[in-house]
Amino acid sequence: MSPAATILLLLAVVVTGASTAAALRPRNYERVFDRQEADRVEALPGQPSEVGFRQFAGYVTANESHGRALFYWFFEATHDVRKKPLVLWLNGGPGCSSVGYGALEELGPFLVQKGKPEISLNPHAWNKEANLLFVESPAGVGFSYTNTTKDLTQFGDDLTATDAHAFLVNWFKRFPQFRGHDFYLAGESYAGHYVPQLATKIVEGNKKAHHKKDRINLKGIMIGNAAIDASSDDRGLADYAWDHAVISDELYSKIKKECTFPDDGNESKACNDAWSDFFQAIRNIDVYSLYTPACTDTLANASRSNSSSVSSWKLAGTPLARVHHGRPYNTYDPCVDYHVVDYLNRGDVQAALHANVTGIPYAWTPCSDALTNWTDSVASTLPEIKKLAEAGLRVWVFSGDTDDRVPVTSTRYALRKLGLPTVKEWREWFTSDQVGGYTVVYDGLTLVTIRGAGHMVPMITPVQARQVFAHFVTGQEMPALPVVGTAA
């Protein structure tokens, strides 16, 4: 049977629940199949000729009345597509692109090449473990758009989660063959808000669904270096920086004197002034990855020497919480953002991805300047995380231990507030014969640290990141003994 015929048959069975061809309505499943094929990405400019998986990209409506549509990029697994779980990855910000960061710099199957109009295969891509879905959220980020301009001033946590849930419901209508797959949410940074809030919307939506086919088969969430509790994030940020000799005794004492780290995150002017001094003091290093090179002006100019598509764009970084000027990084090229910007602003690339079909009046950037106001941001998502764990979902939190933006210190302070009993004590885990990090299992939640990784773990330590992800989706604990002669 041809691949097209196989998919038609699979779609028909999923959509109708029928067991015989006589019960099918050909127009329905043919329409679904045709809509999928319209989003099929045949090949990208500079892509290797044989990739071993299929990819799709395009727009899915999130709000019809306002004309909000979210851009997605979907990669089938490299093997066992029908058996592998489906994972949605979200980057943070708020306002940063999961397509630009997650898909092209971290865990997607393609990596943009420095100095070449090409993309290469990522040997540690996560679609070797699962079917991978990326979405630019909310509207106004990347290629996602709204036809109602005032929307761009009204986004916040709740509206973002509402639109993301609507996107998922409509995405499953376009790809119904994945509706029954185990489904997981994963992300990093401000996805510490996005992921548990979207998971909560899914759980609530599933309770309201009248038919099983209308439910999303959510099994768990995984968040990394995640902003989940403002008080803990700030306390850990200061403590970690001082412990790692990044700030002076005097500045550390000033922060500890002027800041009270309240649960609501609201501090005095004197405290905010101390934080301004903090970020000024660390301006020449990469707070997101303390021990990798920063993207200096010299390196940035070298990276941009062949750039032509967005000459006015300046590397802005991930605008998480207070800091809006941190710089992302890459193990081999700390200025990789420039290459991604150039690649995604190429007309032939956008055409191949079915992107920018409405003629967005601004260039694609990693983090959006279109979102001029963030209306609501809860101080803590710990209540949502605890409820999800109590609901029986698999909850993993991972942390690269060289990140000083949301350091492992902050994560440990935050998780301590949950008051969860320890089921399995803190211990090391291994990648081959080396310690990959540490892990502790609480009642309903697993914490995994990744040794030597910064804020964007899959970029800095791709082998360990994929290893953590593989264990998460299978529900297996991290290896307690050296793994010698076996792939991690």
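The values are calculated or read from the model by the stated rules, or taken from the named source; none is laboratory data. Here the structure is a predicted model, which is why all the values come from computation and not from measurement. Glycine also receives a Cβ, built like all others from the backbone with ideal geometry; neighbour counts cover every protein chain displayed. Ligands, DNA and RNA are excluded from the accessible area calculation, which covers all protein heavy atoms including side chains. Shrake-Rupley method; radii C 1.70, N 1.55, O 1.52, S 1.80 Å.
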Using θ = phi - 60° and the Karplus form 6.51 cos²θ - 1.76 cosθ + 1.60, what ³J(HN,Hα) does each residue of the stretch 231-237 get, whole Hz, x for Gly and Pro?
4, 5, 4, 5, 4, x, 4
Rounded, prolate or oblate: which fits the stretch 345-488 when a ≥ b ≥ c are the square roots of the eigenvalues of the alpha-carbon gyration tensor, with rounded for a/c under 1.5 and prolate only if a/b beats b/c?
oblate
Skipping prolines and chain starts, which residues have an amide H placed within reach, meaning under 5 Å, of the one on residue 399, given they are 5 or more residues away or on another chain?
225, 448, 449, 450
For the chain, what is the calculated [θ] at 222 nm in deg cm²/dmol (nearest 500), taking -39500 (n - 2.57) for each run of four or more DSSP H residues and dividing by its residue count?
-10000 deg cm²/dmol
Beyond 21 Å between alpha-carbons counts as too far, so tell me which of 83/213; 84/219; 173/207; 150/173; 386/417; 83/128 fall in that bin.
150/173
Shape of the stretch 175-311, Cα gyration tensor, a/c cut at 1.5
oblate
Measure off, as a whole percent, the carbon and sulfur share of the 1.4 Å-probe accessible area of the chain, all protein chains present.
51 percent
Taking H placed 1.01 Å from N in the peptide plane, check which residues at least 5 places from residue 47 or on another chain put their amide H under 5 Å from its amide H.
119
Long-range amide H partners of residue 429, meaning residues 5 or more apart or on another chain whose placed amide H is closer than 5 Å, are 436, 437, 438, 439
Correct choice for Cα Rg over 2.2 N^0.38 Å that was computed from the model, options (1) 1.29; (2) 1.02; (3) 0.95:
(3)
Vicinal HN-Hα couplings computed from phi for the stretch 447-459 (Karplus, 6.51 cos²θ - 1.76 cosθ + 1.60; Hz; Gly/Pro x)
9, 10, 9, 10, 6, x, 9, x, 4, 9, 4, x, 7
What accessible area per residue comes out for the chain, rounded to a whole number of Å², with a 1.4 Å probe?
42 Å²
Please compute the length gained on full extension between residue 65 and residue 387, using 0.36 nm multiplied by the number of residues separating them and subtracting their Cα-Cα distance.
112.7 nm
Using a 10 Å cut-off on Cβ atoms, rank the peptides 200-209, 450-459 from the highest mean neighbour count down.
450-459, 200-209
Considering only the other residues whose Cβ falls under 14 Å of the Cβ of residue 140, what net charge follows from Lys and Arg at +1 and Asp and Glu at -1?
-2
Could you run the Karplus curve 6.51 cos²θ - 1.76 cosθ + 1.60 with θ = phi - 60° over the stretch 355-364 and give me ³J(HN,Hα) per residue in whole Hz, x for Gly and Pro?
9, 6, 6, 9, x, 4, x, 7, 6, 5
Cα gyration tensor of the stretch 73-221, axes a ≥ b ≥ c as square roots of the eigenvalues: rounded (a/c below 1.5), prolate (a/b > b/c) or oblate?
oblate
Net length gained if the chain between residue 417 and residue 38 were fully extended (0.36 nm per residue, minus Cα distance):
131.6 nm
Rounded to the nearest 20 debye, dipole of the chain from Cβ charges on Lys, Arg, Asp, Glu:
1540 debye
